[in-house]
């Protein structure tokens with residue numbers, strides 16, 4: 001249950017969360033997997049976010065996760081960028097979702113963090129940590145960048161990292177990102193558009209006209225239950241290993 005909760009907290013804010021604040025706090029308090037030093041800031045996050053106006057929360061969310069790429073919730077962006085390897089990695093991950101009985105929409109991106117956490121939550125308890133370990137380096141990077149911005153979303157990603165069981169020296173990551181410039185400012189966004197100028201002509205098919213940046217679709221901004229159906233399926237270890245190689 002705690003993974004599903006973290007998935008919802010990272011997903012687009014919705015009214016449903018506001019209606020169940022006491023239940024969410026109780027779930028965190030009763031969880032036996034999260035360390036106490038992780039529970040406290042997570043509860044503070046829930047208290048603060050679910051006490052603020054929903055529209056204000058949604059506006060901040062848009063500015064935080066949907067401007068620039070440094071805090072992208074599409075984790076293959078952090079691994080493969082826009083290379084062709086990303087496409088194959090997503091195909092492999094979709095196949096793994098199918099083996100688990102999860103059917104995602106054609107417009108949904110499988111490397112969307114909340115969707116991935118929903119998938120991990122369907123796996124056997126003894127296998128969940130392994131799947132989280134596959135993305136621990138990304139969770140650590142996002143945690144450090146949120147800490148650098150002094151944003152309390154860091155508590156949610158730190159909780160995911162804690163569940164993975166991976167020991168990460170965040171201080172080392174902070175050193176690596178110390179000189180990173182913000183990519184969510186108007187100036188930075190304008191510069192990206194200038195650098196990715198659209199051209200037309202004979203070379204348009206081969207990259208002259210770049211595709212729009214991938215980001216979560218409308219279906220992934222879940223104000224209702226995730227559109228996922230479950231069927232009986234047995235995970236394939238070979239497929240798992242192939243997907244792990246892409247993370």
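The values are calculated or read from the model by the stated rules, or taken from the named source; none is laboratory data. Just so it is clear, the model here is predicted, and its values are computed rather than measured. When we count neighbours, we look across all protein chains shown, and the Cβ atoms used for this are built from the backbone with ideal geometry, even at glycine.
When you look at residue 42, is it at pLDDT 95 or above, crowded, with 18+ Cβ neighbours inside 10 Å and within 18 Å of the chain's Cα centre (by Cα), yes or no?
Numbers: at pLDDT 95 or above: yes; crowded, with 18+ Cβ neighbours inside 10 Å: yes; within 18 Å of the chain's Cα centre (by Cα): yes.
Yes, satisfied.
Scanning the stretch 161-175 for residues that are closer than 22 Å to residue 7 by Cβ and in a loop (DSSP other than H, G, I, E, B) turns up 165, 166, 168. Yes or no: residue 187 modelled with pLDDT under 90 and farther than 15 Å from residue 78 by Cβ? Criteria met by residue 187. Of the residues making up the stretch 87-126, those that are at pLDDT below 85 and in a loop (DSSP other than H, G, I, E, B) number 9.
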